[in-house]
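K.L.:
Got a structure for you, written out below as structure tokens; questions coming shortly.
The values are calculated or read from the model by the stated rules, or taken from the named source; none is laboratory data. Here the structure is a predicted model, which is why all the values come from computation and not from measurement. Here the Cβ positions follow ideal geometry from the backbone for every residue, glycine too, while neighbour counts run over all protein chains shown. The protein model used for the area step is the full one, side chains on, heavy atoms only, and it has no ligands, DNA or RNA in it. Shrake-Rupley method; radii C 1.70, N 1.55, O 1.52, S 1.80 Å.
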Amino acid sequence: MKEFWRSRQCRWICVLAAVLFSFMICSAASDGEAFWVKDLISSVAVPLQKGSTSLARSLQDVTGNLFGGSLAEENEALKEECDELRRRLLEYQDLKRSNIALKELLQMEDSEPDYQYVEASIIGTDPDYGYAKIMIDKGKRNGIEKRDIVTTPGGLVGRVEETGTNYAVVMTLLHPQFKIGAYLSESNRLGVVSGDSALSKEGQCRLEYLEEEPVLGDLVATSGSGGDCPRGMVIGTVQSADKQKSGTTYSAELKPANEIAGLTNVFVITGEIGQKDEN
Amino acid sequence: MIFERKKPKVRYFAYAILLLLCFLLQVTPGVLELWGVKPILVVPAAVCIAMEEPVLPASVFGMAAGLLWDFTAGTVFGYHALLWLLFCAAVSLSVTFYLSRHWFNRFLLCFGALLLDGVIKTAFSALIWQEPGTWSFWMSQLLPAAGYTVFWCFPIGSLIRRISVFFHRSGGLDTQ
């Protein structure tokens, strides 16, 4: 054993350890840009991950069709949800028409920005945090940058944390370090949506710093504060509420609009929205 | 004669393919997932290779496993590579001088490695970054993942043992 410490093998291990430590320091200082070694690994790993994910999904589709089981129940629940959404769509269309008419009357101009979307597939998850961090198969060469918002037609998924040439790492709203400004649709009260390690296991997140107790079932959407996210993007619904430790504000458990674990494809909003720095 | 000379390279190539396969199974969403918990398959692969190989190849494979884990993990790039480089070197030295290649030792070393990694991460999360719910995350995610991963020591370890015995290294560690 003593000879090992004087051997060439020990020296090589020390050299490798020093190199890896320098990688860690450079990576920590890179601020959202993928470290070049990681980019190198991605040139091999990402195509393999895409292949294995496609294969896994094909097998899951086949077994799902063979063993229908819960699909019938899910189908029924989705039909009911569809009916409810159709009813709300009619109400929305009526409101929109009267809104347009009123704007014309007051001679107000519409100022909704245009968003560009890049569609991406989910090809990997974080071994420790599960679906709190996901990897997608599009990166810098597709125009994706750090802090771009990631979404689906159902609502918010998360924010891009790191970009490589052909991949990006997305921090979803289940991650404890994720935070975004939000508001309750019924009361218009502002709060902050953040992830929680304990709740992420159940696929839920938290809404904090509410001035009054939220209504159960209330919709929560992004407030657009800070300019890093479009306003009005659905985040989820309130499941339960409680007073925070401070005793003056309330927090609520949210069920996200998207079942993050069940997602296969997402959309990344590229362009000006999402590039602003945190204050 | 040529095959005799190329045996180590072919053996290492087989290990590399197995490590890559473990990585793909580990990161593919929905595969091998039980109640929201996925195994970290590169760990038993790296530990079992380290138990079969001399210290330098063991360290290199540990580093490779760590680099693959770093690629999809949310930690600083190089953290797992450094941790596994040193841990696999320690495993290889332990097997050379103190421990036998008994199955119980494989499970123990694998679980111990995951526990060490979990403790470091939990310490950072809870004490430095002060993320909410860290302790319950430890109980509900990290500990079950470690237990589930240790289960995979058996099939992966068997495969690595077969590869090692098949190529029949000359000299070096005693077989058992």
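K.L.:
Out of the residues in region A:113-129 meeting the condition of being open to solvent by 10 Å² or more (accessible area, probe 1.4 Å) and touching a Ser or Thr at 6+ places or on another chain (Cβ under 7 Å), tell me which one is modelled with the lowest pLDDT.
P.N.:
The residue in question is A:PRO127.
K.L.:
Can you give me the number of residues within region B:48-73 that are at the interface with chain A (Cβ under 8 Å from one of its Cβ atoms) and in contact with a Ser or Thr (Cβ under 6 Å, 6 or more places away or on another chain)?
P.N.:
Within region B:48-73, residues that are at the interface with chain A (Cβ under 8 Å from one of its Cβ atoms) and in contact with a Ser or Thr (Cβ under 6 Å, 6 or more places away or on another chain) number 1.
K.L.:
Among B:ALA126, B:ALA145, which is the only one that is part of a helix (DSSP H, G or I), at the interface with chain A (Cβ under 8 Å from one of its Cβ atoms) and either open to solvent by less than 70 Å² (accessible area, probe 1.4 Å) or touching a Cys at 6+ places or on another chain (Cβ under 6 Å) (or both)?
P.N.:
B:ALA145
K.L.:
When you look at B:TRP135, is it modelled with pLDDT under 85 and either within 21 Å of B:LEU20 (Cα to Cα) or open to solvent by 10 Å² or more (accessible area, probe 1.4 Å) (or both), yes or no? Reasoning before the result, please.
P.N.:
Working: modelled with pLDDT under 85: yes; either within 21 Å of B:LEU20 (Cα to Cα) or open to solvent by 10 Å² or more (accessible area, probe 1.4 Å) (or both): yes.
Answer is yes for this residue.
Condition check ((1) touching a Ser or Thr at 6+ places or on another chain (Cβ under 7 Å); (2) facing chain B (nearest Cβ under 7 Å); (3) over 16 Å from B:LEU56 (Cβ atoms); (4) open to solvent by 80 Å² or more (accessible area, probe 1.4 Å)) across all residues:
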{"site": "A:PHE4", "(1), (2), (3), (4)": "no, yes, no, no"}
{"site": "A:VAL15", "(1), (2), (3), (4)": "no, no, no, no"}
{"site": "A:VAL19", "(1), (2), (3), (4)": "no, no, no, no"}
{"site": "A:ILE25", "(1), (2), (3), (4)": "no, no, yes, yes"}
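K.L.:
I've got another one for you. Output the number of residues of region B:14-31 satisfying the condition of being under 13 Å from the mean Cα position of the chain (by Cα), buried (at least 20 other Cβ atoms within 10 Å of the Cβ) and within 9 Å of another protein chain (Cβ to nearest Cβ).
P.N.:
Final tally of qualifying residues: 2.
K.L.:
For residues in region B:87-116 being within 12 Å of chain A (Cβ to nearest Cβ), in a helix (DSSP H, G or I) and free of Cβ contacts under 8 Å to residues at least 24 places away in the same chain, which is least open to solvent (accessible area, probe 1.4 Å)?
P.N.:
So the first thing to find is which residues in region B:87-116 are within 12 Å of chain A (Cβ to nearest Cβ), and the list is B:87-90, B:92-94, B:96-98, B:114.
Narrowing further to those that are in a helix (DSSP H, G or I): B:87-90, B:92-94, B:96-97, B:114.
Retained after the next criterion (residues that are free of Cβ contacts under 8 Å to residues at least 24 places away in the same chain): B:90, B:94, B:97.
Working: B:ALA90: 49, B:SER94: 32, B:PHE97: 97 Å².
Going through the qualifying residues, I end up with B:SER94.
K.L.:
Does at least one position in region A:70-86 carry a residue that is modelled with pLDDT of 80 or more, within 30 Å of A:THR125 (Cβ to Cβ) and touching a Ser or Thr at 6+ places or on another chain (Cβ under 9 Å)?
P.N.:
no
K.L.:
Follow-up. Mind counting the residues in region A:1-51 that are assigned to a helix (DSSP H, G or I), aromatic (Phe, Trp, Tyr) and within 21 Å of A:GLU145 (Cβ to Cβ)?
P.N.:
Taking region A:1-51 and keeping what is assigned to a helix (DSSP H, G or I), we get A:2-6, A:8-28, A:36-51.
If we keep only those that are aromatic (Phe, Trp, Tyr) as well, we get A:4-5, A:12, A:21, A:23, A:36.
Now drop any that are not within 21 Å of A:GLU145 (Cβ to Cβ), which leaves A:36.
The total comes to 1.
K.L.:
While we're on this one: Quick check on region A:29-66: of everything there that is aliphatic (A, V, I, L, M) and open to solvent by 70 Å² or more (accessible area, probe 1.4 Å), which residue is farthest from the other protein chains (Cβ to nearest Cβ)? Break it down into steps so the answer makes sense when it comes.
P.N.:
So in region A:29-66, the residues aliphatic (A, V, I, L, M) come out as A:29, A:34, A:37, A:40-41, A:44-46, A:48, A:55-56, A:59, A:62, A:66.
Restricting the remaining residues to those that are open to solvent by 70 Å² or more (accessible area, probe 1.4 Å) gives A:29, A:40, A:44, A:55, A:59, A:62, A:66.
Working: A:ALA29: 10, A:LEU40: 10, A:VAL44: 9, A:LEU55: 8, A:LEU59: 9, A:VAL62: 13, A:LEU66: 16 Å.
Among them, the one singled out is A:LEU66.
K.L.:
Here are the criteria: (1) more than 14 Å from the chain's Cα centre (by Cα); (2) open to solvent by 30 Å² or more (accessible area, probe 1.4 Å); (3) modelled with pLDDT of 90 or more. Tell me which single one A:LEU207 does not satisfy.
P.N.:
Condition not satisfied by A:LEU207: (2).
K.L.:
Follow-up question, since we're still on this one. Conditions: (1) open to solvent by 40 Å² or more (accessible area, probe 1.4 Å); (2) at pLDDT 85 or above. B:TRP69 meets all but one. Number of the miss?
P.N.:
All conditions are met except number (1).
K.L.:
Looking at region A:252-260, can you tell me whether even one residue there is within 27 Å of A:GLU33 (Cα to Cα), buried (at least 17 other Cβ atoms within 10 Å of the Cβ) and in contact with a strand residue (DSSP E or B) (Cβ under 6 Å, 6 or more places away or on another chain)? Write out each step before concluding.
P.N.:
Going through region A:252-260, the residues within 27 Å of A:GLU33 (Cα to Cα) turn out to be A:260.
Checking which are buried (at least 17 other Cβ atoms within 10 Å of the Cβ) leaves us with A:260.
This time we only want the ones that are in contact with a strand residue (DSSP E or B) (Cβ under 6 Å, 6 or more places away or on another chain), so: A:260.
The answer is yes; a qualifying residue exists.
K.L.:
How many residues are in a loop (DSSP other than H, G, I, E, B), open to solvent by less than 60 Å² (accessible area, probe 1.4 Å) and without any contact (Cβ under 8 Å) to a residue 40 or more places away in the chain if we restrict to region A:217-249? So that I can check it myself, show each step before the final result.
P.N.:
Restricting attention to region A:217-249, the residues satisfying the condition of being in a loop (DSSP other than H, G, I, E, B) are A:217-218, A:223-224, A:228-233, A:244-249.
Next, only the ones that are open to solvent by less than 60 Å² (accessible area, probe 1.4 Å) stay: A:217-218, A:223-224, A:228-230, A:232-233, A:244, A:247, A:249.
When the remaining residues are screened for being without any contact (Cβ under 8 Å) to a residue 40 or more places away in the chain, the result is A:217-218, A:232, A:244, A:247.
The total comes to 5.
K.L.:
Moving to a separate point now. If I go through region A:116-159 residue by residue, how many of them are more than 14 Å from chain B (Cβ to nearest Cβ), part of a strand (DSSP E or B) and over 13 Å from the mean Cα position of the chain (by Cα)?
P.N.:
4
K.L.:
Any chance region A:164-179 includes a residue that's out of contact with any helix residue (DSSP H, G or I) (no Cβ under 9 Å at 6 or more places or on another chain) and in a loop (DSSP other than H, G, I, E, B)? First the steps, then the outcome.
P.N.:
Restricting attention to region A:164-179, the residues satisfying the condition of being out of contact with any helix residue (DSSP H, G or I) (no Cβ under 9 Å at 6 or more places or on another chain) are A:170-171, A:177-179.
Cutting the leftovers down to in a loop (DSSP other than H, G, I, E, B) gives us A:177-178.
Yes.
K.L.:
Could you check region B:32-51 and list, in sequence order, the residues that are surrounded by fewer than 18 Cβ atoms within 10 Å (Cβ to Cβ) and aliphatic (A, V, I, L, M)? Before the answer, list the steps.
P.N.:
Filtering region B:32-51 for residues surrounded by fewer than 18 Cβ atoms within 10 Å (Cβ to Cβ) gives B:32-36.
Within region B:32-51, B:LEU32, B:LEU34 qualify.
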